[in-house]
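Shown next, in structure tokens, is the structure this report addresses.
Quick note: the coordinates plus some simple rules give every number you see, no bench work behind them. Because the structure is predicted, anything quoted here is derived from the model rather than measured. Here the Cβ is made from the backbone with ideal geometry for all residues, glycine too, and neighbour counts use every protein chain on show.
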Amino acid sequence: MITVVGSINLDIVGTGPALPRPGETVGGARLARHPGGKGANQALAARRLGAEVRLVAAVGADDMADEALKLLQDGGVDLSEVAHVNGETTGVALIAVDARSGENLIVVCPGANHVLRPDDVAHLPIEHMMGVLEVPVPALLAAVKKATGFVSLNLAPALPVPDELLAEADLISVNETEAEVYGDRLKASGALVAVSLGAEGAVLYKDGQEIARAAPPKVEVVDTVGAGDTFTAALTVALIEGMSPQEALAFAVTAGALACTKPGAQPSLPHRRDVDALALSGK
Ligand code: RIB
């Protein structure tokens, strides 16, 4: 069982002809709402890839909560540890997507995600765990200290974290921007470090040495929201299953590529059979 300690958001998405620069207004966008949040996305991605998953998180006591939880519920993620908090709104992410490239800009309004506390994990047995930085660090620290199995931390969005947290990780995943923010602290953690490189795939390091590199299959990119979450979840599931670092990284970049082929975060998260089929096709 993987316990994910992380965020739940409702993503409000505008897909338009370009991404705005600061001070610019871009019109002509198409509006959509999808369940999202890095924690929820990773929980559902891991579940669709075959893992048993429980999500520890918080939503508001509002209408957006049901919408944000819908696909997690349908997908069979255990939501018994999701708190519905009075006086807080469900987290919301305002997302602009460039219809031509699939690239995005995201502004997150955390709402209830920021009231997650160490007490929310204190009573739980935790085997494997995944955590993201869209929830407070003290809750993550409490969880990593309880975990008896594999600990995967996605340091996104990049924020200050104590070395104490990094030292508990078996796997740290970051994109290139986040890797620059954390610098040598990633190597010092002693964890496997996965750096995702967008369309170029990803690299896995141990003690600062490259131990695996994988390029994704060619796909038609529609929307990259959720691709990083899929990559992290797939790599975690694969390593827990006992795949070699090279096999696990190839599996993860294939899953991440598939997540780019449909709009929305959670609607685009791939199922195991689709990842296996694409990997076997050798594209
Ligand atoms: O990683 C993608 C996610 O980041 C979106 O679903 C959005 O909710 C933000 O948290």
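Cross-link partners of residue 145 among aspartates and glutamates, defined as those whose alpha carbon lies under 20 angstrom from its own and excluding same-chain residues fewer than eight positions apart: 81, 119, 120, 127, 134, 163, 164, 168, 170. Taking segment 28-49 and a reference point 7 angstrom along Cα→Cβ of residue 109, the backbone N atoms nearer than 15 Å belong to 33-34. Considering only 157, 20, 138, give the residue with the highest GNM mean-square fluctuation for the chain, with springs between Cα atoms whenever their separation is below 10 Å. The residue with the greatest mean-square fluctuation here is 20.
For segment 108-196, which GluC sites (Glu not before Pro) are both in a DSSP coil and crowded by at most 16 other Cβ atoms within 10 Å? Write down the numbers at each step before the final one.
Values: sites: 127, 134, 164, 168, 176, 178, 180; in loops: 127, 134, 168.
Passing both the DSSP loop test and the Cβ count: 127.
Each residue of segment 62-70 is assigned a 3J(HN,Hα), and the resulting list reads 9, 5, 5, 4, 4, 5, 5, 8, 3 Hz, derived from the Karplus form 6.51 cos²θ - 1.76 cosθ + 1.60 (θ = phi - 60°), x at Gly and Pro. Computed over the chain, the Cα gyration tensor eigenvalues convert (square root of 5λ each) into semi-axes of 25, 24, 18 Å, ordered from largest to smallest.
Converting phi to 3J(HN,Hα) with the Karplus coefficients 6.51, -1.76 and 1.60 and the offset θ = phi - 60°, segment 124-139 yields 9, x, 10, 8, 7, 9, 10, x, 10, 8, 7, 10, x, 4, x, 5 Hz in sequence order, with x at every glycine or proline. Inter-label distance, residue 273 to residue 124: 3.0 nm, where each label sits 7 Å from its Cα along the C-beta direction. Taking amide H as placed 1.01 Å from N in the peptide plane, residue 134 has its amide H under 5 Å from the amide H of 7, each at least 5 places away in sequence or on another chain.
In summary, the lysines within cross-link reach of residue 218, defined as a Cα separation below 21 angstrom excluding same-chain residues under 8 places away, comprise 262, 283. For segment 192-200, backbone phi angles converted through the Karplus equation (6.51, -1.76, 1.60; θ = phi - 60°) give residue-by-residue couplings of 5, 10, 9, 10, 8, 10, x, 5, 8 Hz, Gly and Pro being listed as x.
Between the DSSP loop rule and a limit of at most 12 other Cβ atoms within 10 Å, which GluC sites (Glu not before Pro) in segment 22-104 are left? Let's see the in-between values first.
Details: sites: 24, 52, 67, 81, 88, 103; in loops: 24, 52, 81, 88, 103.
For GluC sites (Glu not before Pro) across segment 22-104 that sit outside H, G, I, E and B with at most 12 neighbouring Cβ atoms in 10 Å, the list reads 24.
Amide H contacts of residue 2: 52, 53, 54, each under 5 Å away and 5 or more positions distant or on a separate chain (H built 1.01 Å from N in the peptide plane; Pro and chain starts excluded). For segment 172-235, the residue among 203, 190, 174 whose Cα projects farthest onto the positive side of the dipole built from Cβ charges is 190.
Restricting the trypsin sites (Lys or Arg not before Pro) of segment 1-107 to loop positions (DSSP other than H, G, I, E, B) with no more than 14 neighbouring Cβ atoms within 10 Å leaves 100. Highest GNM mean-square fluctuation, the chain, Cα pairs closer than 10 Å: which of 188, 233, 156? Residue with maximal mean-square fluctuation among 188, 233, 156: 188.
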